[in-house]
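Here is the structure we will look at.
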Amino acid sequence: MDTMYDVVIVGGGAAGLSGALTLGRARRRVLVVDAGRPRNAPAEGVHTYLGREGLSPLELLAAGREEVAGYGGEVVTGTVETAERLEDGGFRVVLDDGSEVRAARLLVTTGLVDELPDVPGLAELWGKDVLHCPYCHGWEVRDQAIGVLGTGPLSVHQALLWRQWSEGVTLFLHTAPELDADQREQLAARGVTVVAEKVTGLETAGGRLSGVRLADGHVVPCRALAVGTRLTARGGLLAGLGVETEDVEMGGHVIGTRVPADPSGATSVPGVWVAGNVTSLVEQVIGSAAAGVRAGAAINADLIAEETRRAVAARAAAA
Ligand SMILES: Cc1cc2nc3c(=O)[nH]c(=O)nc-3n(C[C@H](O)[C@H](O)[C@H](O)COP(=O)(O)OP(=O)(O)OC[C@H]3O[C@@H](n4cnc5c(N)ncnc54)[C@H](O)[C@@H]3O)c2cc1C
């Protein structure tokens, strides 16, 4: 592995590879280090990605890796363990195999962690029959019995949203707050069944979700269960560089954490950019890819500005 790059990109999902494609086409020396576990890996297909509708998540990224390589970008499978600032303003990046590389700029696209509700059997079905986003999975479970697991104040909103895809929606209040009269009226008017009993587990048949088990032992048949996950930015690597995460609120409720950045992805620390789910929790694949392109272009502009400053100084010194 060459040890000096214009840009090292940590994370090779949609955001990281799109940043690498932009930088490779801008004739920059770019290295992507990717642990190979994109957030949507458990899903069968990527939906609402124009031109590649339904392609498997790993196939989409494999095609992206090839495209990056076509412009001279390097992609390696591995995990970045630490990144530190060097005296010359660049960065030293250490991988889990002990190798080190240096870069003038860093783009961190490490995504987020979905922290799942603690219900037995739920994690095993995550991304298959336990779902978080109707735009990603709603069409596939249209007209079927869909449960919504209430875990916070946004659960009513979630149940009304999923109702767009099926008339058979059940809201399990589980650990969600008590409903007020308006919420009960809205759910009743839209034909959403409300179950107050706590959920204790999931039932499966042939490895697929068949029902939701309640504390009283009763099982409500369900083909899909929508859940709200806590969305935690994978930003640990950045803490050592002085970039902290911040809470993200939706409807007055903390839904997770993000790495703050400006619209180009620039963080508060010079030379460090972020893109995709690590900074924008609700971004889908196409939005994450677009953010990677924006960050790539911004980094290239930043490098051009530095190179121009140096060229002017060198010219003045030579005069
Ligand atoms: C179950 C599920 C299904 C989904 N389905 C859809 C869908 O159909 N359509 C859609 O548009 N969106 C979908 N999404 C959302 C989609 O997954 C995200 O929008 C997208 O993955 C964000 O891209 P990203 O590049 O920011 O992060 P990711 O795709 O998560 O990529 C981050 C990459 O960084 C790597 N990484 C992390 N830390 C390190 C490290 N220290 N060193 C090296 N590499 C590291 C990871 O292994 C991973 O490969 C779905 C999400 C889930 C949970």
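Scanning segment 219-236 for residues that are assigned to a loop (DSSP other than H, G, I, E, B) and open to solvent by less than 40 Å² (accessible area, probe 1.4 Å) yields a count of 5. Selection of segment 197-218 for residues being touching a residue at least 12 places away in the same chain (Cβ under 8 Å) and either open to solvent by less than 50 Å² (accessible area, probe 1.4 Å) or in a loop (DSSP other than H, G, I, E, B) (or both) yields E197, K198, V199, G201, L202, L209, S210, V212, L214, A215, D216, H218.
Looking across R52, R28, R39, one residue alone is assigned to a loop (DSSP other than H, G, I, E, B) and closer than 24 Å to L86 by Cα. It is R28.
Just give me the residues in segment 56-68 being surrounded by fewer than 17 Cβ atoms within 10 Å (Cβ to Cβ) and more than 10 Å from the ligand (Cβ to nearest atom), in sequence order. Walk me through how you get there before you give the answer.
To start, the set of residues in segment 56-68 that are surrounded by fewer than 17 Cβ atoms within 10 Å (Cβ to Cβ) comprises 56, 58-59, 62-63, 66-67.
Listed by number, the residues that qualify are S56, E59, A62, A63, E66, E67.
Hey, any hits in segment 286-296 for a residue that's under 27 Å from A123 (Cβ atoms), in contact (Cβ under 8 Å) with a residue 12 or more places away in the chain and out of contact with any Leu (no Cβ under 8 Å at 6 or more places or on another chain)? Yes - at least one qualifying residue is present in segment 286-296. In the set (1) touching a strand residue (DSSP E or B) at 6+ places or on another chain (Cβ under 8 Å); (2) over 29 Å from C136 (Cβ atoms), G19 fails one condition alone, (2). Yes or no: T151 in the same structural domain as E44 (by the TED database) and surrounded by 17 or more Cβ atoms within 10 Å (Cβ to Cβ)? It is false that T151 is in the same structural domain as E44 (by the TED database) and surrounded by 17 or more Cβ atoms within 10 Å (Cβ to Cβ). Does any residue of segment 174-191 turn out to be of a type in the set (G, A, S), surrounded by 20 or more Cβ atoms within 10 Å (Cβ to Cβ), in a loop (DSSP other than H, G, I, E, B) and not assigned by the TED database to the domain that holds H253? The answer is yes, given that some residue of segment 174-191 is of a type in the set (G, A, S), surrounded by 20 or more Cβ atoms within 10 Å (Cβ to Cβ), in a loop (DSSP other than H, G, I, E, B) and not assigned by the TED database to the domain that holds H253. Pairing residues of segment 3-25 that are at positive phi with residues that are assigned to a strand (DSSP E or B) and within 8 Å of the ligand (Cβ to nearest atom), at Cβ distances under 9 Å and at least 6 apart in sequence or on separate chains, gives G11/V33; G11/D34; G11/V80.
Could you pull out the residue among L149, L202, L161 that is at pLDDT 95 or above and within 30 Å of R52 (Cβ to Cβ)? Before the answer, list the steps.
On the way: L149 fails: within 30 Å of R52 (Cβ to Cβ); L202 fails: within 30 Å of R52 (Cβ to Cβ).
Going through L149, L202, L161 in turn, the sole match is L161.
Put simply, of G12, G16, G45 the only residue that is open to solvent by less than 40 Å² (accessible area, probe 1.4 Å), assigned to a helix (DSSP H, G or I) and within 9 Å of the ligand (Cβ to nearest atom) is G16.
Of all positions in segment 108-125, at least one carries a residue that is within 11 Å of the ligand (Cβ to nearest atom), at pLDDT 95 or above and farther than 19 Å from G16 by Cβ.
Does any residue of segment 69-81 turn out to be more than 10 Å from the ligand (Cβ to nearest atom), of a type in the set (S, T, Y) and modelled with pLDDT of 95 or more? Within segment 69-81 (the criterion being more than 10 Å from the ligand (Cβ to nearest atom), of a type in the set (S, T, Y) and modelled with pLDDT of 95 or more), the answer is yes, since at least one residue qualifies.
The values are calculated or read from the model by the stated rules, or taken from the named source; none is laboratory data. Everything quoted here is computed from the prediction, not taken from an experiment. Cβ: placed from backbone, ideal geometry, glycine included. Neighbour counts: every protein chain shown. These area figures cover heavy atoms from the full protein model, side chains too; ligands, DNA and RNA do not enter into them. Shrake-Rupley method; radii C 1.70, N 1.55, O 1.52, S 1.80 Å.
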